[in-house]
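Remarks on the structure that follows.
The values are calculated or read from the model by the stated rules, or taken from the named source; none is laboratory data. All values reported here derive from a predicted model rather than from experimental measurement. Please note: Cβ atoms are built from the backbone with ideal geometry, for glycine as well, and neighbour counts cover all protein chains shown.
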Amino acid sequence: MLGKLAGWDDTIVALATPPGVGAIGVIRLSGPLSFSIVDNLFSSKDLGVQPTHTLHVGFLREGGEVLDEVVVSLFRGPRSYTGEDVVEVSCHGSPYIQERVIQAFLRQGARMARAGEFTQRAFLHGKFDLTQAEAVADLIASNTAAAARTALHTIRGGFSRALKELREQLLSFSALIELELDFSQEDVEFADRGRFYALIAEAEGTTSALLQSFRLGNVIKNGVSVAIVGKPNAGKSTLLNTLLNENRAIVSEIAGTTRDTIEEVLNIDGIVFRLIDTAGIRQHTNDLIESMGMEKSLEKIEQADIVLYLFDVADAVGEVEGRRRELQGGPAGAGPEKNILWVGNKVDMFGGDGVMGAVSVGVIGTSVDAANEKFRSIPGVVFISAKQNLDIDLLKKRLVDLVLDGKTSTEGTIVTNVRHYHALQQVAISLAEIHKGLDSKLPGDLLSPDIRQCLHWLGEITGEITSEDQLDYIFSKFCIGK
């Protein structure tokens, strides 16, 4: 595949570890001159005759001056990350030393690698397909266990195996249908329409499942934003502090204390939640700053993936129901598609008889029952005490349940890449057209264009069909040393 693109026969070099001071820095070279470039500066032994996958300790020298004492790792192609000859030089982690060593390699004939060029060469040498290459960047950027698991699953080929198998079967049927066109006057069918129909139906199911997984995949990769909204003094800032287990937001008995939105990140069961504490929303205020804060709160409601509406269990049922109608269908509300989690706060102050006041630990359960009875017209309310840390774990579980939407885990193939998602949408359209054509018993010459279109989009995902500009764009988003 490398031969498809010109100008890939040189040797590149880059720092493979993060820039800055550290114990060691790893400088990576890849290309036909990797061994000779390092060997010219490595006086301890002849690297050209050393076996692959070996380590060598010695000094790098240039013009009689010692640059550093290093460990040299040798990987001969094709048994290397890129498929080319690769050398990794572990030097001391001084930015000054790292730069001196890199400059010395450049003077020996290497050039600086572009962003993602090592992984791009691995793809071009057939070490893995494009979905696996892109998953390398996702793995590097992962900040939760779920994100890392999803990226590793794709790197191991979980995503591309299903697509390749489908593409190969479609190619086989496409060839048979094309063969039928050569014998059109003979009125023969080489492609078994029954088997083809079953394949298309199975492919539609697989594609639909992958498309549906994108919502979860997007959450795993980018996190989910949760706007904590409600009236002033409902306990929004207290809840944020309790969830974070730290005093992040200022809490007071004065309504309207929070004037601006506060955003923090919380990891629950491997899913990143971006919590947004908003200014309290009320009907009337003469405070200009508070009014601006309320406007921002409404903006955050529109932008959030989940709206956590917090209310005081002492509030009137009719008032809470009115706010529920506004959020779910009002002109400036969250809309019917928005996930809204209703949370009743200060249940520790709600007596079993419905009277507000301090409740002893022994009757907390009774107070929750009383709150459930009071707000029985609003389904799915979670009752908590943010101040007393009561049922906060239940609230966290409900947040995770809203995200997983019935899925029991984040294992398996999950689409996290927008490029893959858009291409799969086109695959689904092509499969639907093929299905429609089979239902209508269309001849092979009318089925072929849709089959070719489907094959094209499958190839776009895995990299069988790519352009140099497209590859440059994809790999430009990688870090330099990868």
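Figure legend. Inter-residue proximity from region 463-482: first residues closer than 22 Å to V13 by Cα, second residues at pLDDT below 70 and surrounded by fewer than 19 Cβ atoms within 10 Å (Cβ to Cβ), beta-carbon distance below 9 Å, spacing 6+ or different chains. Indicated pairs: E468/K4; E468/L5; E468/A6; L471/L5; I474/T466. Restricting the first member to region 96-115 and to residues that are within 12 Å of N40 (Cβ to Cβ) and of a type in the set (S, T, N, Q), and the second to residues that are crowded, with 20+ Cβ neighbours inside 10 Å and modelled with pLDDT of 95 or more, the beta-carbon pairs closer than 6 Å and six or more apart or on different chains are Q108/I37. Just give me the residues in region 134-158 being outside any helix (DSSP H, G or I) and in contact with a helix residue (DSSP H, G or I) (Cβ under 9 Å, 6 or more places away or on another chain), in sequence order. Once the filter is applied, which keeps residues that are outside any helix (DSSP H, G or I) and in contact with a helix residue (DSSP H, G or I) (Cβ under 9 Å, 6 or more places away or on another chain), region 134-158 yields S142, T144, R156, G157.
Just one of the listed residues (R121, R161) is at pLDDT below 85, assigned to a helix (DSSP H, G or I) and of a type in the set (K, R), namely R161.
Within region 52-93, how many residues are of a type in the set (V, I, T) and either buried (at least 17 other Cβ atoms within 10 Å of the Cβ) or closer than 20 Å to V136 by Cα (or both)? Spell out the reasoning first.
Keep residues of region 52-93 that are of a type in the set (V, I, T), which gives 52, 54, 57, 66, 70-72, 82, 86-87, 89.
Next, only the ones that are either buried (at least 17 other Cβ atoms within 10 Å of the Cβ) or closer than 20 Å to V136 by Cα (or both) stay: 70, 72, 82, 86-87, 89.
So the answer is 6.
If only one of V38, V26, V72 is assigned by TED's automatic domain parsing to the domain that holds A115, outside any strand (DSSP E or B) and among the hydrophobic types (A, V, I, L, M, F, W, C), which one is it? Of the residues listed, the single one that is assigned by TED's automatic domain parsing to the domain that holds A115, outside any strand (DSSP E or B) and among the hydrophobic types (A, V, I, L, M, F, W, C) is V38.
Can you confirm whether Q108 is surrounded by fewer than 19 Cβ atoms within 10 Å (Cβ to Cβ), farther than 30 Å from F196 by Cα and not assigned by TED's automatic domain parsing to the domain that holds V272? It would help to see each step written out before you state the result.
Working: surrounded by fewer than 19 Cβ atoms within 10 Å (Cβ to Cβ): yes; farther than 30 Å from F196 by Cα: yes; not assigned by TED's automatic domain parsing to the domain that holds V272: yes.
Against the criterion (surrounded by fewer than 19 Cβ atoms within 10 Å (Cβ to Cβ), farther than 30 Å from F196 by Cα and not assigned by TED's automatic domain parsing to the domain that holds V272), Q108 qualifies.
All conditions but one from (1) within 26 Å of I220 (Cβ to Cβ); (2) of a type in the set (G, A, S); (3) surrounded by 15 or more Cβ atoms within 10 Å (Cβ to Cβ); (4) at pLDDT 80 or above apply to S448; the one that does not is (1).
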